[in-house]
Amino acid sequence: MNKVKKKEILSYLFLFLVIFIYNSIFDTTYDHIIDFTHCYSISNGLKIYQDFNIVIGPIYPIFVSLFLMILGKNLLVFNIINSLFVVGIYRIIKKDNPNSLSLLLFILFQNVLIAKYNTFSLLLFYIIYYLEKKEDEKQDYLIGIFLSLLFFTKISIGIFLIIPTLLIHYKNPKKIRKRFLSFILLSSIILFLLLITNILPGFMNYTILGLFDFRNSTSSIHGTHNFNFLIIVLIIIGIYLFFHRKKDKMSWYLISFLIMSYPIFDTTHILLAIFPTLVYFIDTIPRKENTENIFKGLAILSYVLVLFTIKDHSYLTKMDCKHKYCSNNNIYNETFQNVHIINSILEKKYQNYRKFYFNYDAYFYKLDLKENINKYDFIWEGNMGYQGEENYQKEIHNICQKEKCLFVLDNRMMNQKKKESISMKLIQYVRNNYQKELVSEIPYQNIEILKSE
């Protein structure tokens, strides 16, 4: 093995460790546990869109669930798989441009590149981008296949990435026909499988019809954030690429991927949307002989500085598998401990009650109880399908007419200045229609219990 090959392998290993550590320890977002629980639930036999609600396409959660079934149904395996997706993106970039300086960007954007299904979408984007640059007619059918996979991973990106094919090859209808043939063929197979498994209605409701509610809710959620600078950057990049398109036809792909930031204009989505463009820019800057080594050194230095800013390094040796999900994320482990205490109390006192966990930790409660999740555990705005909040209120009313119901709320949500994501309409409905219950055994003041009469 030559020296260059060894350095390349070391860079892949370094990037994997960086992303894996961030995934396992520093990512304390609810999206992390939500994405894991969706994949975990599918690996246990639950039907996506039917047994639980999810607004993304089926490809990512089903694909990851296969690895959970084979390698182990825990966060450790989940984080390994998602870290490998990032390494896969870097591998494609290096294969296209062996002198790429993008490693520094991967380190600086590590908190963005752990966005699970969005990162998987980025991987599919780069596969299509790489195949397009090869300019080999044999790749047209493959491009159509990966466009279909991308469409059924994140619909908005899939739709917009069809545009570059039309704009770049409008003078070559044969190439367009090949791509659309394989796209339509695979898409038809996926839709047929969704139909015969009775999943298609839920898919349409949550991923397509639900987008109307999702767009309205997310625009109000993030509208108060000061993202003006990033949005201006996004617009400037889009304008530059548009005028640059005649020099480099691949600019159409970079422009189309900017749709990643819609409809959630937050920091993560905007930075992820412009990531391919930043890689493109950094790899076109003039360089000297040792430029690549300087950038690799900066990448390592930047990561070392991040580690030194963290006071508690005990997470590097602690792996808590008591709750069987194998996490060395201290916040997750603490949450599991807290919900276990609450569950123990509620299970003894309210055995015959139908329980609704209307708070951010709902999936933790269900994982601790080893119970299957359902759509009432994920009452985030825009994630409940078309007119979801109104439908959920009616369904809960009907359920609680027949069964005794218990609602577990968390007052920390109500005290936040920005009540993001969670449906406050449903929370208010429960408070207005059900009786508050004092459970003195619960040691946490933020927990609020309500029950039907």
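No value in this document is a laboratory result; all are computed from the given coordinates. Note that the coordinates shown come from a computational prediction; the quantities given were computed from them, not determined experimentally. For neighbour counting, all protein chains shown are included, and Cβ atoms are generated from backbone atoms with ideal geometry for every residue, glycine included.
Amide H contacts of Lys404 (H built 1.01 Å from N, in plane; Pro and chain starts excluded): Arg354 sit under 5 Å, all sequence-distant by 5 or more or on other chains.
Taking a Cβ cut-off of under 14 Å around Tyr444, the surrounding Lys, Arg, Asp and Glu residues balance to a net charge of -4, with basic ones at +1 and acidic ones at -1. Using the Karplus relation 6.51 cos²θ - 1.76 cosθ + 1.60 with θ = phi - 60°, the per-residue 3J(HN,Hα) values for segment 43-52 come to 5, 9, x, 6, 9, 4, 6, 9, 8, 7 Hz, with x marking Gly and Pro. Amide H contacts of Glu437: Ile449, Leu450, Lys451, each under 5 Å away and 5 or more positions distant or on a separate chain (H built 1.01 Å from N in the peptide plane; Pro and chain starts excluded). In order along segment 436-453, the phi-based Karplus estimate (6.51 cos²θ - 1.76 cosθ + 1.60, θ = phi - 60°) of 3J(HN,Hα) comes to 6, 10, 8, 10, 5, 5, 6, x, 10, 5, 6, 7, 10, 10, 10, 9, 7, 6 Hz; Gly and Pro are listed as x.
The amide H of Asp410, built 1.01 Å from its N in the peptide plane, has Glu448 as neighbours under 5 Å, considering only residues 5 or more places off or on other chains. Measuring against 32 Å, Cα to Cα, the residue pairs Lys154/Lys348; Lys154/Lys366; Lys5/Lys47; Lys116/Lys375; Lys7/Lys134; Lys95/Lys175 contain Lys154/Lys348; Lys5/Lys47 as the ones spanning a longer distance.
Extending 7 Å from Cα along the Cβ direction at Leu10 and again at Lys425 yields two label points whose distance is 5.7 nm.
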